[in-house]
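**Student:** Here it is, the structure in full.
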Amino acid sequence: MADQVAAMCDQLTKAVLFCEDFKESSSLCIPCALQLADKTKPAVVRHFGLQTLEHVIKFRWNNMPQEEKVQIKECAMQLLSRGTHSILEEESHVKDALSRIIVEMIKREWPQHWPDMLKEMESLTSQGDVQTEVVMWILLRLAEDVITFQTLPNQRRRDIQQTLTQNMDNIFSFLLAVLHIHVDSYHKVRAHCRVAVATLNTLAGYIDWVSLTHITSGNGHLLEMLCLLLSEPELQLEASECLLIALNRKGKLEEREPFMLLFDDVAIQCILSAAQAGEVVERRYVFLKRLCQVLCALGVQLCSLVGSDVNVEVPANLSKYTEALLAFTTHPSQFLKSCTLATWGALFKHEVLSKEAVVVQMAVNYLKVSMTNFVKTGFPSQNDNPSSDYSRMDFHSDEDFHFFFYSFRGQQGDVLKIVSRIVPLEAFQTAADWLHYQIACPIDPGQSASKSSRGLCSPKSPSVVQWDAMTVFMECVVWQILKTLPEEKLPIDQSMELLQAVLNYDTKDPLILSCLLTTVSVLLPFLVHRQQLVPQVLFKLFKTLTFEFDQENKVPRTKSVKNVRRHACSSIIRICRDYPQFILVTIFPSQSISCDDVRMTLGFLLFQPSFDMFYSNVKKLLSSDALQTCLERASLVEALVLISNKFQDFEKQKAFLDELLAPVLAEWTSEEMRRQFLSFVGADQVVAEQEAVTNVASLKRAQLSFCLSAMLSVVKRARWPADVEEAKSGGFVVGHDLNGAPIYRNPCSAQFLAFMPNLLALIRTQNSLFMPENIARLSETLVRAHDLMDMEKNIVIGLPQLPQDVYDSPVYRSNLERMQGFLGTLYDNCFTLLGSAGASLQKEFYTIDGLAELIAGSAFVSLDQVPDHRLRSIIHILFLTILHVSFLLSNLLARLFMRPLVVSCPSEYSDSLLRPLLAPLFAYMMQRLSMKWQVISQRASVDGDDEEEQVACQKSEVTQEMLEEQLVRLVTKEVLDLLNVSCVSKKVAEPAASKEENGDEDMMMDSVQPASVPEGLTELGKCLMKHEDVCMLLLTLSFTSLSWKDTANCHRTASMVCWTLLKQVAAGNLLPEAVTWFFTSVLRALQIHGQHDQCNLTLSQLAMVIYENLRPRYEELRGVMIQIPNINIQALDQFDQKLMDPSGPKLTEKKKKDLFRKLIAGTVGKALCEQFRKEVHIRNLPSLFKRPRQDKDVLDSEALGLASLFSPENSAL
């Protein structure tokens, strides 16, 4: 059987090669194609004949004699006239092939050599329905090629487009006449339906770009006709497409005013009637989508016109329109609901429409509807909701639905906030009623109950989805009314009743308990006005912090339990950060207090019972290792540090932190911590899966993690007062720098400096863990302890896991996962702590003696053995620690060690600290990444050659290769981002002004963030570039990275870094070999990345800038240019002459770019699908629309009257 299949494949290959060779070279193509296209032949044979004829026209037309062209044209018109079957019998692909033949000739000969083409097409429609349908396809394909895809040379495209525009009145009249004829008769004769559909499709191809006057002429006759066709089942989809395209048109407001005709009773009634519920079939559902989009586009036009200079009145039947829009908002389809949100937002935000009584009432109705829409229902895999039937047509999986609904709910929240601004009290009452209802309802796990615990809910349980929707709804409403209403109008009493009801509600379900905590957090701002419930709030949070579902049976905690405990931690931290007055009710007295009395003072003298309870609970939990995880205990430390920031007294805060961190420092600096690391954490021990979790090694791991996390919390949160005067009076200011800015001291400096030696030792130890001798010491059950966890692998590859899949599983499913999580978190936290110290301690950190040597002797040890996923931590953290001002201005600079170190470092320490760190790091990373990218390139070429081996490759091996490549890309991005932020200062480019007078200021559109452009070197960049060896290293790294197969990084580096660095040394005495290498590197990158338009533009610009600035001094660049394949030497010489002749005419920037891109076109790489594609060449014809040149100067012509207008004798002025 296999031999037979192979023989058939071989015969098929030979047949295809013969056919292609015949089309390319045979002189009998035309007669053979015409014979094969005869209607007596089978459809597949006819189609091949027509394809052959199209091939001849596309590739041989330019070399044909005129007689042969005329013969082909006449034969093609005969085929169109008499060479087809009836419309119901003829195959669609045959008609399509025939239409493309005519279009290819039109593109080459019309209008210059075929002026009567449109008349011939019109006369063909009188010969039958099939001819009419093909003519419609011809007009449509012509518009697509000329306007949509623009597959013609510019001059031919302009000629055809301008001729179409000149004849558009006739074309539209012709299309409407054909549509009238066949719509009136299609109920009787089936063939007329085909023609009507083709005509509507053709109209859709023209409505998108013709002048709006053609669409709205005749008092909106076309729009009226399209609205009437919405009631025709077989034409409604195409009619709605035409309406949608028309209503989405932009342009002057005056031209769009006729669209308001669609608010007439007849048009609105047509839309409402067409939207009536029908059977859930795909075509009907697609039509409903288009109809909903039509309604939304009509709303956008309404918002643009009402209140504008056009003075359009509010439609009298606006209520009918909003009811129709609300009907789609209540439709079972989640997609249809999402389509209406932007329009609702535009209506509710509109300055005029939002004040209309109809819209205000609709805002109240929308509140009720949105309660249902916030509920996450309609998963494709389920059948418990009518939405599921539609979701199966919209989404491939529950994962797709999940990500859609996440975005959908965010859009709903935005609209709900706008509604809450219009009717704030009604919105709050709706949220309150929903909360009371949920509290009163019994918990319903439904059929999606938890698999591991009886009676508990899953994320898809009815109760959970209702609670989840309610909390999001309330969060949006409360957030808005706090911004909208003055304090005296806030519903404080009602909010306190709600908070009391939430605090009284008790549940053992972790998912619902998490929703309760969210509700408590939402209502916290009201607690500022009535603080009597603060102790109950704290009690609820601390109780949740120790939540266990099954305390009797020591089963591993599920992720839902872990999440609700972390939620409680986050809520406590939020209270301490945003509402410290809840806990720290009174401030320290003015008299001094000794450090020994701080604890007594905190507990008894200064604070009300709220802090008493808070502080005692925190200390109790911190002393209990078994009850809390290290992360939860560190969160409590973080909360206390936030409270201490309000002391506003350096000595008192320092004493408090000394007491808080005393056990941590004692444990961290103990002799036990200096034991052999692998033995200390139990990585060299064989541990059975059934062994108790609380073994000795796990307790030591927990203590080590807590010490590190606690210090990290202190370093990140301990701060001086934001007000300079308060900081001075509190003793936080120790001097001023040369610019007069205050120099602060951090109350946690002493604790961190005591912590730092062992921190550096731990970093050095962790780097050495990847050495072969230490890998060999791992136990057989923990051999893969340094690998990424499965969840982390999925994130790196881009396969995030749904929350529904993991809520019920233990936090760690095995001892191996537990060890992987511990080592990974420990590694990240070490570098995060070291990186955060710069931003927190500032001068106290950067003035540490020998800091550069200390960091290099720990963080940069054994880098050859450190895997890529760990190396990211080093680079990412170092990135955050150059300009502290940049840290305040940028949201990107917020993660691990080198990045925070660089960003926060004052400029005076650049040479002593950052240069000794960055120079060897960049040198090492360039070498390492070059080798990695070379392996990736070789692997790609080998995989392409050895297909059989690739098929046999195991899925796990393929996944591992994908993971490794993606990690290399991520590390590359971190390195280049570090180079960028170290050397390049940026300014935000101003957004370009709109070129269209479309009057769409009120439309809800996504805001486009202006791009950053390089402005020059940073202070650190200037420092680095002063050293020749570092300068050449940075240039080599930036230009080498252009050739790595990473398009995003190539674009970023080419646009931001390369020329910014090279410009600093371009005026010096660069070696010719270096200049040649820089230029060649850019051309090589064009060969690799030129297929991507964005990279092509950026690299071409970079190459031109280098050539323009360095070519006058370096003749060697011309030697590189003449090696480019197919370069025009004469054009190159002309370009050089214009470039280097200062007295000659200057080229405009656009002209210069176009000429240079033509010169280097031979280096630009093509995508694989383009490499073997045969180019189609269409010759330009004599232009019909060339403007005549003026033979004489206007100034030399006869008097224009301008001089006399301003003469003193003119008394008219």
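The values are calculated or read from the model by the stated rules, or taken from the named source; none is laboratory data. Note that the coordinates shown come from a computational prediction; the quantities given were computed from them, not determined experimentally. Please note: Cβ atoms are built from the backbone with ideal geometry, for glycine as well, and neighbour counts cover all protein chains shown. Accessible surface is based on the protein model in full, side chains and every heavy atom, while ligands, DNA and RNA are left aside. Shrake-Rupley method; radii C 1.70, N 1.55, O 1.52, S 1.80 Å.
**Student:** Quick one: is Glu120 over 20 Å from Asn1180 (Cα atoms), among the acidic types (Asp, Glu) and part of a helix (DSSP H, G or I)?
**Tutor:** yes
**Student:** Looking at the range 76-89, can you tell me whether even one residue there is closer than 22 Å to Arg1179 by Cα and open to solvent by less than 40 Å² (accessible area, probe 1.4 Å)?
**Tutor:** Yes; the residues of the range 76-89 include at least one that is closer than 22 Å to Arg1179 by Cα and open to solvent by less than 40 Å² (accessible area, probe 1.4 Å).
**Student:** Ok, one more. Of the residues Glu1149, Glu1115, only one is exposed (fewer than 14 other Cβ atoms within 10 Å of the Cβ) and over 43 Å from the mean Cα position of the chain (by Cα); which?
**Tutor:** Sole residue among the options that is exposed (fewer than 14 other Cβ atoms within 10 Å of the Cβ) and over 43 Å from the mean Cα position of the chain (by Cα): Glu1115.
**Student:** Are any residues in the range 358-379 aliphatic (A, V, I, L, M) and not in a helix (DSSP H, G or I), and if so, which ones?
**Tutor:** Val375, the sole residue that qualifies.
**Student:** Ok, one more. So in the range 156-213, with the set limited to residues that are in contact with a Leu (Cβ under 8 Å, 6 or more places away or on another chain) and of a type in the set (Lys, Arg), which one is surrounded by the most Cβ atoms within 10 Å (Cβ to Cβ)?
**Tutor:** Arg194
**Student:** Here is a list: Ser698, Ser729, Ser670. Which entry is out of contact with any Ser or Thr (no Cβ under 8 Å at 6 or more places or on another chain) and crowded, with 17+ Cβ neighbours inside 10 Å?
**Tutor:** Ser698 is the lone residue from the list that is out of contact with any Ser or Thr (no Cβ under 8 Å at 6 or more places or on another chain) and crowded, with 17+ Cβ neighbours inside 10 Å.
**Student:** How many residues are of a type in the set (Gly, Ala, Ser) and more than 19 Å from Arg284 (Cβ to Cβ) when one looks only at the range 380-394?
**Tutor:** The qualifying residues number 1.
**Student:** Ok, one more. Residues that are open to solvent by 60 Å² or more (accessible area, probe 1.4 Å), of a type outside the set (Lys, Arg) and at pLDDT below 90: does the range 758-780 have at least one?
**Tutor:** Looking through the range 758-780, at least one residue is open to solvent by 60 Å² or more (accessible area, probe 1.4 Å), of a type outside the set (Lys, Arg) and at pLDDT below 90.
**Student:** Select from the range 456-478 the residues that are open to solvent by 20 Å² or more (accessible area, probe 1.4 Å) and at pLDDT 90 or above and list them in ascending order.
**Tutor:** Matches in the range 456-478: Pro462, Gln466, Asp468, Val472, Glu475.
**Student:** Still on this model: Under 22 Å from Gln301 (Cα atoms), modelled with pLDDT of 95 or more and open to solvent by less than 10 Å² (accessible area, probe 1.4 Å), is that true of Val360?
**Tutor:** So Val360 does not fit the description; no.
**Student:** Sticking with this one: Could you pull out the residue among Ser616, Ser623, Ser570 that is open to solvent by 40 Å² or more (accessible area, probe 1.4 Å), closer than 25 Å to Phe706 by Cβ, outside the structural domain of Arg701 (by the TED database) and at pLDDT 90 or above?
**Tutor:** Just one listed residue meets the conditions, Ser570.
**Student:** Hey, any hits in the range 305-315 for a residue that's open to solvent by 40 Å² or more (accessible area, probe 1.4 Å), of a type outside the set (Lys, Arg) and at pLDDT 95 or above?
**Tutor:** No - not one qualifying residue is present in the range 305-315.
**Student:** Is there a residue in the range 414-427 that is closer than 15 Å to Trp479 by Cβ, within 21 Å of the chain's Cα centre (by Cα) and not basic (Lys, Arg)?
**Tutor:** Yes - at least one qualifying residue is present in the range 414-427.
**Student:** Considering (1) under 16 Å from Thr544 (Cβ atoms); (2) open to solvent by less than 10 Å² (accessible area, probe 1.4 Å), say which one Ala634 fails and leave the rest.
**Tutor:** (1)
**Student:** Among (1) out of contact with any helix residue (DSSP H, G or I) (no Cβ under 9 Å at 6 or more places or on another chain); (2) in a helix (DSSP H, G or I), there is one condition Asn1069 misses while meeting the rest; what is its number?
**Tutor:** That leaves (2) as the condition not met.
**Student:** If you don't mind, another one. May I ask you to verify whether Phe403 is surrounded by fewer than 20 Cβ atoms within 10 Å (Cβ to Cβ), at pLDDT 95 or above and of a type in the set (Phe, Trp, Tyr)?
**Tutor:** The answer is no for Phe403.
**Student:** Let me ask another. Please verify whether the range 190-202 includes one or more residues that are in contact with a Cys (Cβ under 7 Å, 6 or more places away or on another chain), among the hydrophobic types (A, V, I, L, M, F, W, C) and assigned to a helix (DSSP H, G or I).
**Tutor:** yes
**Student:** Just one of the numbered conditions (1) farther than 19 Å from Ser231 by Cβ; (2) out of contact with any His (no Cβ under 9 Å at 6 or more places or on another chain) is not true of Gly307; which one?
**Tutor:** Answer for Gly307: the failing condition is (2).
**Student:** On to the next question. Exactly one condition in (1) within 25 Å of Asp21 (Cβ to Cβ); (2) over 50 Å from the mean Cα position of the chain (by Cα) is not met by Glu74; state its number.
**Tutor:** (1)
**Student:** Out of everything in the range 323-341 that is hydrophobic (A, V, I, L, M, F, W, C) and open to solvent by 50 Å² or more (accessible area, probe 1.4 Å), what residue ends up being modelled with the highest pLDDT?
**Tutor:** Out of the qualifying residues, it is Phe335.
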